[in-house]
Amino acid sequence: MARNPARSAAGSFINAITRVDAVPVMGALLFMIATLAFWTQMQPFRSLQDYAAVQDTTQSNDLRKYTTLAISALVIAFLYAEGKKRHVFDLVKIPIVVAVLSWSAVTSLVSANPSLALNRLVLAAITVQIAYAVPLLFKDATSFIRVLGICATVVIIASYLGVLFVPDLSIHTVRDVTEQPLAGNWRGIFGHKNDLSAMAALFIFLGIVVARTNNVIWGIAIVISSAGLLIMSEGKTSILITIPALFGGFLLVWLRSRTASAAVAYIPILVMVFFTLGGVLFPSLEAFFKTALPDPTFTGRTDAWSIAVQAIARAPVLGYGYMIFWDLGMAYGVTSSVSLPTTFSHAHNGFLDVFLSGGLLGLTLVVVWTVVLPFRHIQKVKLGLKSKEERAILAFFASVWMFTLMNASLEAILFNRSNPIWYTFLIALGCLHAWSQAHGRRT
């Protein structure tokens, strides 16, 4: 009997499909959904001309909340389906993360608005859970970098298309409710030019690792297009620290001396803290800072730091609860100026905002989690590197780590719920932790 060519071809296609391992595809798809959701905060091309939306101090975005919960449930379901259910509760096995979340819960319970603080803390904890599960969604690091590169490419293309076709929603304008002086600065799919500039810098690091591990042309295209976004956003902070973070990441992988590595990692971070907060923390040095760097925030927001420092002095132990100080108008109880607090929605410094939320112990725990332990992980992992691809990926994580901590001196991104920079930073922390643990088991 003659075979039907069409039926034979269809059968071959079906057989091929059934032989495809769906697990990596599902893991990659889940990661893409999570990453694009957190990067866009479920509000791509957000209008800044809608007064009601911009002035919503409680940021009650139900879509964001329910999407975060759904992604968390999907991650857990994936791990169960993959026979990795023992990893579902890995996060509670990390003492420093448990300590940070537990202490934040205590300070939130005794805050002025426990319901709002705890609601935000729960979403922050879920974000950590999702980011730390990323290494479990992929079979190898190269695949992870490839999918992360796809996500970045989507954001880059969308940002350029937004500038072309919906400029009012992708470029700051004089019609925006706040910060009209930023008119002309690109913000792409994000809500602020500082978010675009920081993410563009992280995409530059990503483009380099894509070029070194996947495809050279694709990686170079990511780097060039991201540099264009960085320049057009006019994000001075990100422009200033991109190169130091990039080369710092390379040096951390290349250097063998632990002391030299510590110097490369921590000196730039300490310099940023010194030149930004120095004039506020040490009034006797104020004249020096005004001479050396007349406007260390680039936007004249030392007033926010002064308010934060005064507020911290009033509640140094417990703070004010997780991320509610600015939104509930508590700054009015600190400064004599009636209008000044309305200018700020955060302290423009990640370390100060963490101190405001959780007091001295909260700040100490977060510093151990985000500053001390990642350096130890990097040092441990680099001793067991076996290929140039692994070196490239570790350098990428190290650059992301250094960039975020330097940027934290000028932006409130540390432990900041679903902030896109914080989420990307969390992925780096989660991957470094998992890599370090795996290296420890091998040795």
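For the stretch 210-232, what are the residues that are touching a residue at least 60 places away in the same chain (Cβ under 8 Å) and within 18 Å of the chain's Cα centre (by Cα)?
226, 229
Residues are listed down the side, and each one gets a yes or a no for (1) assigned to a helix (DSSP H, G or I); (2) out of contact with any Lys or Arg (no Cβ under 9 Å at 6 or more places or on another chain); (3) at pLDDT below 95; (4) within 23 Å of residue 29 (Cβ to Cβ):
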| position | (1), (2), (3), (4) |
| --- | --- |
| 154 | yes, yes, no, yes |
| 168 | yes, no, yes, no |
| 200 | yes, yes, no, no |
| 230 | yes, yes, no, no |
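Of all the residues that make up the stretch 311-360, how many are at pLDDT below 90 and over 24 Å from residue 419 (Cα atoms)?
9
Looking at the stretch 89-102, can you tell me whether even one residue there is touching a residue at least 40 places away in the same chain (Cβ under 8 Å), small (Gly, Ala, Ser), assigned to a helix (DSSP H, G or I) and in contact with a Gly (Cβ under 9 Å, 6 or more places away or on another chain)?
Checking the stretch 89-102: not a single residue is touching a residue at least 40 places away in the same chain (Cβ under 8 Å), small (Gly, Ala, Ser), assigned to a helix (DSSP H, G or I) and in contact with a Gly (Cβ under 9 Å, 6 or more places away or on another chain).
Considering only residues that are more than 19 Å from residue 365 (Cα to Cα) and among the basic types (Lys, Arg), look in the stretch 379-434 and name the one that is surrounded by the most Cβ atoms within 10 Å (Cβ to Cβ).
For the stretch 379-434, the residue satisfying everything is 382.
Every residue, every condition in (1) touching a residue at least 60 places away in the same chain (Cβ under 8 Å); (2) crowded, with 21+ Cβ neighbours inside 10 Å; (3) of a type outside the set (Lys, Arg); (4) on the phi < 0 side of the Ramachandran plot, yes or no:
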site	(1), (2), (3), (4)
126	no, no, yes, yes
148	yes, yes, yes, yes
161	no, no, yes, yes
186	no, yes, yes, yes
193	no, yes, no, yes
208	yes, yes, yes, yes
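If you check 131, 112, which single one turns out to be in contact (Cβ under 8 Å) with a residue 60 or more places away in the chain and in a loop (DSSP other than H, G, I, E, B)?
Matching residue, one of 131, 112: 112.
Out of 270, 251, 277, which single residue is among the aliphatic types (A, V, I, L, M) and modelled with pLDDT of 95 or more?
Going through 270, 251, 277 in turn, the sole match is 251.
I'd like to verify a number: residues in the stretch 233-256 that are of a type in the set (Lys, Arg) and more than 19 Å from the chain's Cα centre (by Cα), how many?
Result for the stretch 233-256: 1.
Rundown of residues vs (1) under 17 Å from the mean Cα position of the chain (by Cα); (2) under 30 Å from residue 368 (Cα atoms); (3) not hydrophobic (A, V, I, L, M, F, W, C), yes/no style:
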| residue | (1), (2), (3) |
| --- | --- |
| 28 | no, no, no |
| 35 | yes, yes, yes |
| 62 | no, no, yes |
| 87 | no, yes, yes |
| 108 | no, yes, yes |
| 126 | yes, yes, no |
| 130 | yes, yes, no |
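The values are calculated or read from the model by the stated rules, or taken from the named source; none is laboratory data. Computed from a predicted structure; not experimentally measured. Please note: Cβ atoms are built from the backbone with ideal geometry, for glycine as well, and neighbour counts cover all protein chains shown.
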